[in-house]
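This report refers to the structure that appears directly beneath it.
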Amino acid sequence: MNKKTDAERKTQIVKFRVNKREYEMLKQATAESGLSSMSEYVLNKIIATPIIEVSDDDMLPLMKTAENVAETYNTIAIRVNKRDTLYPNDVEDMKNGIHTLVDKISKFQALLDSFSVTPQTFRAVVDKAHREAKSRQS
């Protein structure tokens with residue numbers, strides 16, 4: 001007989017609501033994962049997803065850049081609204097601000113990408129968890 005120990009038995013219930021589109025996405029992702037249930041998919045997805053902590057010190061340069069870009073855009077917008085004048089270097093300043101902001105954001109995106117879980121990685125994590133669970137039952 002294949003009995004689970006008290007530690008392995010799932011006794012707690014977690015509920016959450018989704019809209020129709022989210023439900024369809026979950027249903028499709030569950031089917032593509034090869035897992036037997038949506039519950040199993042969600043639980044494994046949460047366990048396989050790393051939590052990345054970013055300090056305020058890490059965020060400060062990005063926030064300062066965003067403030068500077070917003071200030072530049074605001075200054076230009078005020079001048080355009082008052083005088084109907086947009087200078088060629090205004091457009092250049094706006095472009096440069098956006099490029100600088102994108103560069104800083106891309107550093108965070110690279111960090112997130114380094115932790116991203118591909119379907120293959122996710123499947124490997126799930127398979128490993130299944131093997132470990134089976135070995136504990138034996």
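The values are calculated or read from the model by the stated rules, or taken from the named source; none is laboratory data. Not measured: the values here are computed from a predicted model. Reconstructed Cβ throughout: ideal geometry from the backbone, glycine too, with neighbour counts over all protein chains shown.
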From the set of residues in region 95-117 that are among the aliphatic types (A, V, I, L, M) and free of Cβ contacts under 8 Å to residues at least 24 places away in the same chain, which is surrounded by the most Cβ atoms within 10 Å (Cβ to Cβ)? Val102
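The rows are residues; the columns are (1) closer than 30 Å to Val18 by Cβ; (2) in contact with a helix residue (DSSP H, G or I) (Cβ under 7 Å, 6 or more places away or on another chain); (3) assigned by TED's automatic domain parsing to the domain that holds Val102; (4) not acidic (Asp, Glu).
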| site | (1), (2), (3), (4) |
| --- | --- |
| Tyr41 | yes, yes, no, yes |
| Leu60 | no, no, yes, yes |
| Met63 | no, no, yes, yes |
| Thr72 | no, yes, yes, yes |
The correct count of residues that are in a helix (DSSP H, G or I) and either outside the structural domain of Glu132 (by TED's automatic domain parsing) or modelled with pLDDT of 90 or more (or both) in region 1-38 is 10
Out of Val125, Val80, Val91, I need the residue that is surrounded by 11 or more Cβ atoms within 10 Å (Cβ to Cβ), of a type in the set (Val, Ile, Thr) and modelled with pLDDT under 90. Which one? Val125
Failed condition for Ile52, given (1) under 20 Å from Leu112 (Cβ atoms); (2) assigned to a helix (DSSP H, G or I), with all others met? (2)
